[in-house]
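The values are calculated or read from the model by the stated rules, or taken from the named source; none is laboratory data. This is a predicted model, so every value here is computed, not measured. No Cβ is skipped: glycine too gets one built from the backbone with ideal geometry, and neighbour counts run over all protein chains shown.
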Amino acid sequence: MKKDIKEMKLKVEGIVCTGCAEDMKKILSETDGVLDASVNYADEIILIKYDPELIDRKKIYFAVRKLVNASEIISES
């Protein structure tokens, strides 16, 4: 049976350096239900792949908000 994997792309503000972006990626990747996270420092974009059976979109949004000053969901699939 194929898992239903979701993806959320967020535009964020507050990534101050590439080291911070790497730390954010690590923290988000270790969140239960998150399968993959990428943080683009230059474009201020966070892309998260997750299992909706383990974590919902609201929890992902708030996990990101703990790490950056502002965020906006720009796409979901």
Of these, SER71, SER29, SER38, which one is in contact (Cβ under 8 Å) with a residue 60 or more places away in the chain and among the small types (Gly, Ala, Ser)?
SER71
Read through the list (1) without any contact (Cβ under 8 Å) to a residue 40 or more places away in the chain; (2) touching a Cys at 6+ places or on another chain (Cβ under 9 Å), then give the number of the only condition that GLY14 fails.
(1)
Would you mind telling me which numbered condition in (1) among the acidic types (Asp, Glu); (2) touching a Lys or Arg at 6+ places or on another chain (Cβ under 7 Å); (3) modelled with pLDDT under 95 GLU13 fails?
(2)
Tally time: how many residues in the range 20-70 are under 10 Å from the mean Cα position of the chain (by Cα) and polar (S, T, N, Q)?
3
Hits in the range 41-61 (condition: among the charged types (D, E, K, R) and outside any strand (DSSP E or B)):
ASP43, GLU44, ASP51, GLU53, ASP56, ARG57, LYS58, LYS59
If I ask for residues that are within 21 Å of GLU76 (Cα to Cα) and touching a helix residue (DSSP H, G or I) at 6+ places or on another chain (Cβ under 6 Å), which ones from the range 11-33 would you list?
THR31
Only residues that are surrounded by 16 or more Cβ atoms within 10 Å (Cβ to Cβ) and in a loop (DSSP other than H, G, I, E, B): list them for the range 1-40, please.
ILE15, THR31, GLY33
Does the range 62-71 contain any residue that is part of a strand (DSSP E or B), of a type in the set (A, V, I, L, M, F, W, C) and exposed (fewer than 15 other Cβ atoms within 10 Å of the Cβ)?
yes
